[in-house]
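Enquirer: Let me give you the structure first, and then I'll get to my questions.
Nothing in this text is a laboratory measurement; each read-out follows from the coordinates by a stated rule. Source: prediction; values computed, not measured. Neighbour counts run over all protein chains shown; Cβ positions are idealised from the backbone, glycine included.
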Amino acid sequence: MHHFDLKDGVLHAEGVSLEALAETVGTPTYVYSSATLRRHYGLLREACDAHRDALGEALIAFAVKANSNLSVLATLARLGCGADTVSEGEIRRALAAGIPGERIIFSGVGKTDAELAFAIDQGVRQINVESSAELDRLIAVAADKSAAPAIAIRVNPKIGAGGHAKITTGGAGDKFGVPVEEAMALYARASASPHVTPVGLACHIGSQITDLAPLEAAFRVLRDMTEALRAQGHSVTRLDLGGGLGVPYYGDAATPSPADYIAMAARVLEGLNVETAFEPGRLMAANAGVLLSRVIQVNERTDGRRFLVLDAAMNDLMRPALYDAFHDLKPVRPVEGEALPYDVVGPVCETGDTFARDRDLPPLQAGDLVVFMSAGAYGAVMSGEYNTRPLAAEVLVDGARQAVIRPRPTYDEMFAREPMAGWL
Ligand SMILES: Cc1ncc(COP(=O)(O)O)c(C=O)c1O
Ligand SMILES: N[C@@H](CCCC[NH3+])C(=O)O
């Protein structure tokens, strides 16, 4: 990670000292690097452009669920990035951030009629249909519209992959997409309707995938299906290859490079003559963000256990509690001394509010600042106010500039969202 580095003995996000930032904005706070977001988009763009023959004018559609802050989306929008969305709210965010409808894909296992109608009205690039029941509803909704929306059928290739069972989506029993046979039949049924325009197929088999083999196998399924559908006389012009490529959460972890991933897709799709889309979420955002937190106190027990109690908790960063996920923890100002094992915890009243057990860290004290690394994806978006803890602030850095892009709410603002029942 190049944009979170030590300068003059203090960890910086690009040109901004995290120590100074903690003074002005407080903690816990998510801090994002614009340069990292741009770099990640650039790497994917470059790789796609180098394989235009096989991939067409590939759309890189950022999975908005990974980080939906409007300024983050606007940073990507300026680069020409598209959006993969799963709700009306996410479509609205993408549009508000300047991503035009023609670069927005609408995915998701349960879209309401109202959401489908909204997506059609906004002229989204395509709607990825995930079930037979959804196709029926979409056809009914689209019947009232002037244009037949472009759709792709999301295939469940029975190839599940990912960093945790809870984030695997392509396995046979997972709720996402339809099996190959059913997808073929659905495509034919959609082709027969005047109200929708089937343009292609989509798949997304899981998240935090650190091996290209399952992705390659899934892409091959889409290739074979494309050829089979064409042999039946159907037009198939687009393949949406989903997201899912993992990132190195551990310092020394090796994950496939974006370039190798895109080159693999190009190899599989060589000569097929389709326009592709990719939906990276984590790959774009995870290493573009950190969660800045302050040590409240160190609880040293007489039985030898040592708890590092932070002012960030599971409500701010849920991934360790939910998936036993690992996030590297770094002091903002390196501390001298021999590393000691700490249980790193937050103040929430649950044992699950544990970020790490027996993590070796230098001797830290109350008041020290630390950051959770690789917290830019599925961090702030999954946060909540459990224990009436205000949502963490979010800050975007660009060189020496910084902007609070989501202020920490005041207690008055939090309570104002709860009008008292009239009879109380
Ligand atoms: C349809 C779809 N596309 C893209 C993504 C983004 O995944 P990731 O953040 O792993 O790239 C997801 C989430 O896993 C998804 O469900
Ligand atoms: N929320 C998950 C990723 C889910 C992917 C969404 N399709 C995580 O933090 O790892």
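Enquirer: Output the pairs from 65/330; 7/65; 65/111; 111/166; 166/330 with a Cα-Cα distance over 24 Å in this structure; if there are none, say none.
Expert: As for pairs spanning more than 24 Å Cα to Cα, those are 65/330; 7/65; 166/330.
Enquirer: In deg cm²/dmol and to the nearest 500, what is the mean residue ellipticity at 222 nm of the chain if only DSSP H runs of at least 4 residues count, each as -39500 (n - 2.57), divided by the residue total?
Expert: When only DSSP H runs of four or more count, the value is -8500 deg cm²/dmol.
Enquirer: Only Lys, Arg, Asp and Glu count, each charged at its Cβ (+1, +1, -1, -1), so figure out the dipole size of the chain about its Cα centre, rounded to 20 debye.
Expert: Result for the chain is approximately 560 debye, rounded to the nearest 20.
Enquirer: Going by how many other Cβ atoms sit within 10 Å of their own, how do 264, 373 line up, fewest first?
Expert: By the 10 Å Cβ count, ascending, the order reads 264, 373.
Enquirer: Sketch the reach of a paramagnetic label on residue 188 as a point 7 Å from Cα along Cα-to-Cβ, and name the residues of segment 219-256 whose backbone nitrogen lies under 17 Å away.
Expert: Flagged as within label range: 225-236.
Enquirer: If you place +1 on the Cβ of every Lys and Arg, -1 on the Cβ of every Asp and Glu, and leave all else neutral, what size is the dipole of segment 34-282 about its Cα centre, to the nearest 20 Debye?
Expert: Using only the charged Cβ atoms, the result is roughly 380 debye.
Enquirer: For the pair residue 78 and residue 365, how long in nm is the line joining their label points, each one 7 Å along Cα→Cβ?
Expert: 4.1
Enquirer: Still on this model: Tell me, in nm to one decimal, what length is gained between residue 340 and residue 296 on full extension, where the rule is 0.36 nm per residue of separation less the Cα-Cα distance?
Expert: Residue separation times 0.36 nm, minus the Cα-Cα distance, leaves 14.1 nm.
Enquirer: While we're here: Pairing the Cα long axis of helix 180-191 with the longest principal axis of the chain, what angle in degrees results, from 0 to 90 and rounded to the nearest 10?
Expert: Taking the Cα atoms of the chain, the angle to 180-191 is about 60 degrees.
Enquirer: Using the Cα gyration tensor of segment 245-319, with a ≥ b ≥ c the square roots of its eigenvalues, what is the shape: rounded (a/c below 1.5), prolate (a/b larger than b/c) or oblate (neither)?
Expert: Prolate, because a/c is 1.5 or more and a/b exceeds b/c.
Enquirer: What is the helix-to-structure angle for 212-231, meaning the angle in degrees between its Cα long axis and the longest Cα principal axis of the chain, kept from 0 to 90 and rounded to the nearest 10?
Expert: Its long axis makes an angle of about 20 degrees.
Enquirer: By per-residue mean of other Cβ atoms within 10 Å, what is the highest-first order of 360-366, 204-210, 137-143?
Expert: Top of the packing list down: 204-210, 137-143, 360-366.
Enquirer: Applying a 10 Å radius around every beta-carbon, put 333-342, 238-247, 77-86 in order of their mean neighbour count, most first.
Expert: Peptide ranking by packing, descending: 238-247, 77-86, 333-342.
Enquirer: Once Lys and Arg get +1 and Asp and Glu get -1 on their Cβ, which of 402, 315, 100 lies farthest toward the positive end of the dipole of the chain?
Expert: Looking along the dipole axis, the top candidate is 100.
Enquirer: So what is log10(I(q)/I(0)) for segment 12-148 at q = 0.09, 0.17, 0.18 1/Å, when the Debye sum runs over its Cα atoms only?
Expert: -0.36, -0.95, -1.01
Enquirer: I would also like to ask the following. Would you mind computing the Rg to Rh ratio of the chain from its alpha-carbon coordinates, Kirkwood style for Rh?
Expert: Ratio of gyration radius to Kirkwood radius for the chain: 1.01.
Enquirer: Based on DSSP, what percent of beta bridges with both residues in segment 34-282 are antiparallel, to the nearest 5?
Expert: Counting only bridges with both partners in segment 34-282, antiparallel ones make up about 5 percent.
Enquirer: Taking other Cβ within 10 Å of each residue's Cβ, how do 158, 111, 145, 65 sort, fewest first?
Expert: 145, 158, 65, 111
Enquirer: Next question, about the same structure. Relative to the present Cα-Cα distance, how much length would full extension add between residue 112 and residue 416 at 0.36 nm per residue of separation?
Expert: 106.5 nm
Enquirer: Sticking with this structure for a sec: Given R₀ = 41 Å, FRET efficiency for residue 50-residue 19 by Cβ-Cβ distance, to 0.05?
Expert: Here the calculated transfer efficiency is 0.50.
Enquirer: Roughly what would the spin-label model give for residue 358 and residue 8, points 7 Å off Cα along C-beta, in nm?
Expert: Using points 7 Å along Cα→Cβ, the separation is 4.1 nm.
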